[in-house]
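Here is the structure we will look at.
The values are calculated or read from the model by the stated rules, or taken from the named source; none is laboratory data. None of the values given here were measured: they were computed from a predicted structure. Note that each Cβ is placed from the backbone with ideal geometry, even for glycine, and that neighbours are counted across all protein chains shown.
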Amino acid sequence: MYSDNDWLDPLHLYDLLTEEEKSIQNITSDYCKSELLPRVVKDNENNFFDKQIYKDFGALGFLGTTIKEFGGSNASNVAYGLIAKEFESIDSSYRSAISVQSSLVIYPIYTYGSEDQKKEYLPKLITGDSIGCFGLTESNAGSDPSSMKTHFKEVSDGYIINGSKNCITNAPIADVFIIWALDNQKKVHGFIVDKKLKGL
């Protein structure tokens, strides 16, 4: 892909990639140039984001790339970084869209969620049939969890969360929200909030 003197890879990092990682990068690069770029140009001209594109991302293995189960690709972290790099070369907002889905929604559910939560949410998030967002940032706290005002209390049938978030990538189109809130001891807790829940 790169010559010995190619300015795109002066440290010859490409030579350190596995064959699988090279293949993933090439597939992603081809998709981004032939499919993603024309859609980005068209949709930006029309001030539109087509959420159905997530299903394309899922079908190509761009979501939950490092996850072994639930339909994930079980690829390396390097491969995931290469996918993000190719998306970034086309449009940063679309790179952010897949990064939020994979790193800030799929990963925390996979790492910290219960088995029931994993089974309920991960398959659809990985295929792109569901879209997730990461609710941390607030107007007065920025992205500092210790300063956020969103709080919660436990009730007989679950939890009540009170607060507001802003500047949340994917929020207008999301089906699943990872919301961060403080308890009365100022300890940070994460919640999976379904779009269908009352009061959202």
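Of the strands (runs of 3 or more DSSP E) entirely within region 117-200, those holding at least 1 residues that are surrounded by fewer than 17 Cβ atoms within 10 Å (Cβ to Cβ) and not polar (S, T, N, Q) occupy 151-155, 158-162, 188-194.
Which ones in region 51-67 are assigned to a loop (DSSP other than H, G, I, E, B) and either in contact with a Pro (Cβ under 8 Å, 6 or more places away or on another chain) or surrounded by fewer than 12 Cβ atoms within 10 Å (Cβ to Cβ) (or both)? Talk me through it step by step, then tell me what you get.
Within region 51-67, the subset assigned to a loop (DSSP other than H, G, I, E, B) is 51-52, 60-67.
Answer for region 51-67, where residues must be assigned to a loop (DSSP other than H, G, I, E, B) and either in contact with a Pro (Cβ under 8 Å, 6 or more places away or on another chain) or surrounded by fewer than 12 Cβ atoms within 10 Å (Cβ to Cβ) (or both): just Q52.
Which residues, taken from region 175-191, are farther than 16 Å from V155 by Cα and aliphatic (A, V, I, L, M)? Give the steps one after another, and end with the answer.
Start the filter on region 175-191 by keeping residues that are farther than 16 Å from V155 by Cα, which leaves 175-180, 185-188, 190.
Of everything in region 175-191, those that are farther than 16 Å from V155 by Cα and aliphatic (A, V, I, L, M) turn out to be V176, I178, I179, V188.
When each of S89, S93 is tested for being surrounded by fewer than 18 Cβ atoms within 10 Å (Cβ to Cβ), at pLDDT below 95 and either in the same structural domain as I173 (by TED's automatic domain parsing) or of a type in the set (G, A, S) (or both), the lone residue that passes is S93. Every residue in region 1-50 that is touching a residue at least 12 places away in the same chain (Cβ under 8 Å), part of a loop (DSSP other than H, G, I, E, B) and either surrounded by 15 or more Cβ atoms within 10 Å (Cβ to Cβ) or not assigned by TED's automatic domain parsing to the domain that holds I90 (or both), please. Hits for region 1-50 are M1, Y2, L17, F49.
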